[in-house]
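This report concerns only the one structure given below.
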Amino acid sequence: MNNMKCFVTGASGFIGSNLVHELVAHGHSVKALVRAGSNLSGLDGTHAQLVTGDVLDRKLLEREVDGCDWCFHTAAIYQLWMPDYAPMYEANVEGTRNVLEAAGKAGCIRTVYTSTVGCIGLPKEKDGKIVPANEGEKVSEGDMTNDYKRSKFRAEGVAIDLFRKRGLPIVIVNPSAPVGPRDAKPTPTGQIIVDYLNRKLPAYLETGLNWVHVRDVAAGHILAAEKGVIGERYILGNMQGNWTMEETLAALQEITGIAAPKTKIPHWVALVAAHVNEGTSFFTKNPPKAPLAGVRMAKEKMWFNPAKAVRELGLPQTPPKQAFADAVEWFRKNGYANK
C-alpha cells in the first residue's frame, strides 16, 4: 500500500499509540490527535505530527483531518465507574459522530472506527460447552450491562447509520482484550498484570476473556483500512486467546516466576463488596477498587471467535502468552513493577 496520510484520534491511548507505531513502520505518515495533558510516553520515537485537541471540537477535527486518506477513530473514555457518566456519553457517542462526519467531509477513503467486543452478543452454551461469539450474534442496547458498553453500543449505531444513510466508507473493528507494550495508563486489564507483578492480587474472580496482542490489534486496524468491507464489523482477537482467569494467572506465574493466587472469590461475595465499595465512592468520589460493572461482566465468559478477521483481513495471531510476556517486560522496564 502506498504511503497514506493518516489521522488517528486517541493516539496516546493503548491501542492508539501502538497503531501509530505500526502505521509509521509501514511507511505511512501520521497526524496524531491527543488531549492536553495526556501521557505521551507511548508515542516516543514515532515522529508522528502531534495535534492537541478534543473530539468534541468539530472545527478542529475538520481542519486537521482535511487532506488525510485514512482516519482511525480509537479515542474513547474507558471507565467502569465514574461519579457522573455524562462526559463519557458525550465523548464516546457525540465525539464519534464528530470524527466520522469530519472524515466524511474530508473525503477520507476509509475510516476505521474502534468499537469493542462488548458490543457483540455474549457466547452461548451448547451441550455444556461455551461456543465463542462471532459478529453475527443478535444484540440490543438492553443487553449492555454498563455505561461504558452502552456508550460504545450507541457510538457503533452512529457509525452504522452514517454508512447506511450517507454511504460513508466506515469499517468497524471490535478488539477483544488487548495485552502488550505501551499500556501507559494502564487499562483495567493491564492493571491486573501490574497488580500481579506488585503482588497485590491476593485472590481472583473467575471469568473468561479473549486475550490478543495489542500489536495484532494495531495491525488489524491497518488491514481493515486496506481490505475491510465497508459497513462490516471485525472481531480483532485471537483464536487461541479464550482463557479463564485461572489459565491467565497460570501463564503469568510461568512468565514472571511469581506464584499465582490460589483463592477464588465467590461471585456473590464480590458483588456485595462492589456494592459497599461503590457506596463509599458515591461520597468520596474516589473510584472503587472493584467497580460493580467489572464484577457483573466477570460473571460471563467473554469468549469470542475472530475467524472472520483472520480469514478476510489476514489478522496476525501472535500467541497470547507472548503478549503477556511483552506486557510484563514493558511494565518492568518502565517502572510499573516494584523491584
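Remarks
- Straight-line cross-link reach from residue 264 at under 18 Å between alpha-carbon atoms covers these lysines, not counting any fewer than eight positions away in the same chain: 200, 289, 299, 301.
- Candidate values (i) 38; (ii) 21; (iii) 31, label of the one derived for percent of Cα pairs over 34 Å apart: (ii)
- Summing charges over all other residues whose Cβ lies under 15 Å from the Cβ of residue 211, with Lys and Arg as +1 and Asp and Glu as -1, gives -3.
- The packing ranking, built from the mean of other Cβ atoms within 10 Å per residue, places the peptides 110-117, 318-325 in the order 110-117, 318-325, highest first.
- Most mobile of 85, 196, 234 in a GNM of the chain (Cα contacts under 10 Å): 85
- Choice from 42, 157, 220 showing the highest fluctuation, given a GNM over the chain with Cα pairs closer than 10 Å: 157
- Viscosity 1.306 mPa s, 10 °C: Kirkwood-radius Stokes-Einstein D of the range 27-177 over Cα pairs, µm²/s: 95
- Percent of beta bridges antiparallel (DSSP, the chain, rounded to nearest 5): 15
- 3J(HN,Hα) from dihedral phi, the range 301-307, Karplus parametrisation 6.51/-1.76/1.60, rounded to Hz, x for glycine, proline: 7, 8, 9, 9, 10, x, 3
- Summing charges over neighbours of residue 304, with a neighbour being any other residue whose Cβ is under 13 Å away from its Cβ, gives +1 when K and R count +1 and D and E count -1.
- The long axis of helix 267-284 is offset from the longest Cα principal axis of the chain by roughly 60 degrees.
- When the chain is treated as a GNM with alpha-carbon contacts under 10 Å, the residue of 171, 34, 139 showing the greatest mean-square fluctuation is 139.
- Computed over all pairs of different Cα atoms, the Kirkwood value for the hydrodynamic radius of the range 66-111 is 11.6 Å.
- Note on the range 1-138: antiparallel DSSP beta bridges, both residues inside, total approximately 15 percent of the bridges counted.
- Checking the cross-link pairs 124/152; 149/262; 185/227; 31/227 against a 24 Å limit on the alpha carbon distance flags 149/262; 185/227 as lying beyond it.
- Between residue 329 and residue 56, the simple spin-label model (points 7 angstrom out along Cα→Cβ) gives 4.0 nm.
- The range 1-44 shape via C-alpha gyration tensor axes, a/c threshold 1.5: prolate
- Less than 5 angstrom separates the built amide H of residue 236 from those of 174, 176, all sequence-distant by 5 or more or on a different chain.
- Here is the size of the range 189-249 from its Cα atoms: Rg then Dmax, 15.2, 46 Å.
- Spin-label zone in the range 224-243 - amide nitrogen under 12 Å from a point set 7 Å from the Cα of residue 160 along the C-beta vector: 231-233
- Legend: Rg and Dmax of the range 137-248, from Cα coordinates, 16.4, 52 Å.
- Per residue of the chain, the DSSP helices (runs of n ≥ 4 H) give a summed -39500 (n - 2.57) that works out to -12500 deg cm²/dmol at 222 nm.
All of the numbers you see were taken from the coordinates with simple rules; none came from a lab. Note that this is a predicted model, so its numbers are computed, not measured. Neighbour counts run over all protein chains shown; Cβ positions are idealised from the backbone, glycine included.
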